[in-house]
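Take a look at the structure set out below.
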């Protein structure tokens, strides 16, 4: 691989890139040159080995602190894939049955007509609990017990197993509480001990002080994003989900970074997201160590539905905790078997298992778009062009 330190907008682009994947470096550089980035990282791996690992720009909006090799940042809903994988590990070990009722593992969840909700519906946005029915205090989202108690107590808002509705914030608490009840560990701890540490993945849900010191500031945008109050009609599911957030929400506050919100506050970088997906691209095995059987992963990737969900109005080919390549709203290369997740504002992780390719892109400045935007697609298009 060849080193690169091309100056762009004062801050250089750092990292290494195999000559075959030089187009990825060029596309990454172009994103900065066009003024689309403040700070970002991108990584492409083949067969679990990096062929492009690049970072550049700044950690802060004032452009005073350079993005470094080990900088991490909030990746928003990219986190959901890591959370879902924790549950699939328990399925692989025979500790959770996807077709069992959630209440088998979380008895209190049976209240108010939820006794028949299946575990698999927690993973495919059909649990019928896209938001809390009753508002808690602003900032309750930082309180695990408050959120899970509220979800256990409420009645479904939609018919479970029926119409899909994107569980923006609630999905992580639902999945995470099953993981906690079965494993005896919080989801963040489970991910750290069973996935991050054994496989060298620098990604965390609930940061330590040392990890917080490496964070880039997340720079939110409102116009055209989930954070735009003008897009939320009073009483809409999106607006109701937004009401659970502290006002104003400081994505860079120590309390937010330390909390476990397994739908939206995982922190990592392009390298760690790509390495996570490399584990899946290689059939659940990486570096001679197996996380789950290929059969378990294959079952997780069976399409559950293809419909326009009722919260964000987007159409996805939905698997169990992952999105399958969907031309309408999640187009990630030419292979229909590619899968992954995007995060509000631009972050993206996915894998093309047929090519054993994995991809991670993490930025700190949200784009003003509801989907993939233009930055990550330019990078993944470059990666595929290099594959030929």
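The values are calculated or read from the model by the stated rules, or taken from the named source; none is laboratory data. Just so you know, these numbers come straight off a predicted model, no measurement behind them. Cβ sites come from the backbone with ideal geometry, for glycine too, and all protein chains shown count toward neighbours.
Kindly provide the set of residues from region 98-119 that are farther than 19 Å from residue 166 by Cβ and not in a loop (DSSP other than H, G, I, E, B), ordered by number. Passing the criteria: 101, 103, 104, 107, 108, 109, 110.
Check 122, 158 and return the single one that is outside any loop (DSSP other than H, G, I, E, B) and crowded, with 16+ Cβ neighbours inside 10 Å.
On the way: 158 fails: outside any loop (DSSP other than H, G, I, E, B).
Checking each option against the conditions leaves just 122.
Restricting 309, 295 to those that are closer than 22 Å to residue 355 by Cβ and either more than 18 Å from the chain's Cα centre (by Cα) or surrounded by 16 or more Cβ atoms within 10 Å (Cβ to Cβ) (or both) reduces the list to 295. Scanning region 355-373 for residues being modelled with pLDDT of 95 or more and either in a helix (DSSP H, G or I) or farther than 19 Å from residue 217 by Cα (or both) gives a total of 5.
Here residue 331 fits the description: exposed (fewer than 15 other Cβ atoms within 10 Å of the Cβ) and touching a residue at least 40 places away in the same chain (Cβ under 8 Å).
Within region 271-292, track down each residue that is surrounded by fewer than 17 Cβ atoms within 10 Å (Cβ to Cβ) and within 22 Å of residue 204 (Cβ to Cβ).
Scanning region 271-292 gives 287, 289.
Kindly provide the set of residues from region 298-332 that are in a loop (DSSP other than H, G, I, E, B), modelled with pLDDT of 95 or more, over 17 Å from residue 175 (Cβ atoms) and touching a strand residue (DSSP E or B) at 6+ places or on another chain (Cβ under 6 Å), ordered by number. Within region 298-332, 303, 332 meet the criteria. What residue, among those in region 125-146 that are without any contact (Cβ under 8 Å) to a residue 60 or more places away in the chain, within 24 Å of the chain's Cα centre (by Cα) and under 26 Å from residue 313 (Cα atoms), is surrounded by the fewest Cβ atoms within 10 Å (Cβ to Cβ)? Restricting to residues being without any contact (Cβ under 8 Å) to a residue 60 or more places away in the chain, within 24 Å of the chain's Cα centre (by Cα) and under 26 Å from residue 313 (Cα atoms), the top hit is 128. Only residues that are in a loop (DSSP other than H, G, I, E, B) and touching a residue at least 40 places away in the same chain (Cβ under 8 Å) were counted across region 337-354, and they come to 5. Among residues of region 362-377 that are at negative phi and surrounded by fewer than 17 Cβ atoms within 10 Å (Cβ to Cβ), those with a Cβ under 9 angstrom from a residue that is in a helix (DSSP H, G or I) and modelled with pLDDT of 90 or more, sequence gap 6+ or separate chain, pair up as 374/31.
Would it be correct to say that residue 176 is closer than 17 Å to residue 268 by Cβ, within 18 Å of the chain's Cα centre (by Cα) and surrounded by 19 or more Cβ atoms within 10 Å (Cβ to Cβ)? No. Note on region 1-54: enclosed strands (runs of 3 or more DSSP E) holding 1 or more residues that are closer than 22 Å to residue 357 by Cβ and modelled with pLDDT of 95 or more are 11-17, 39-46.
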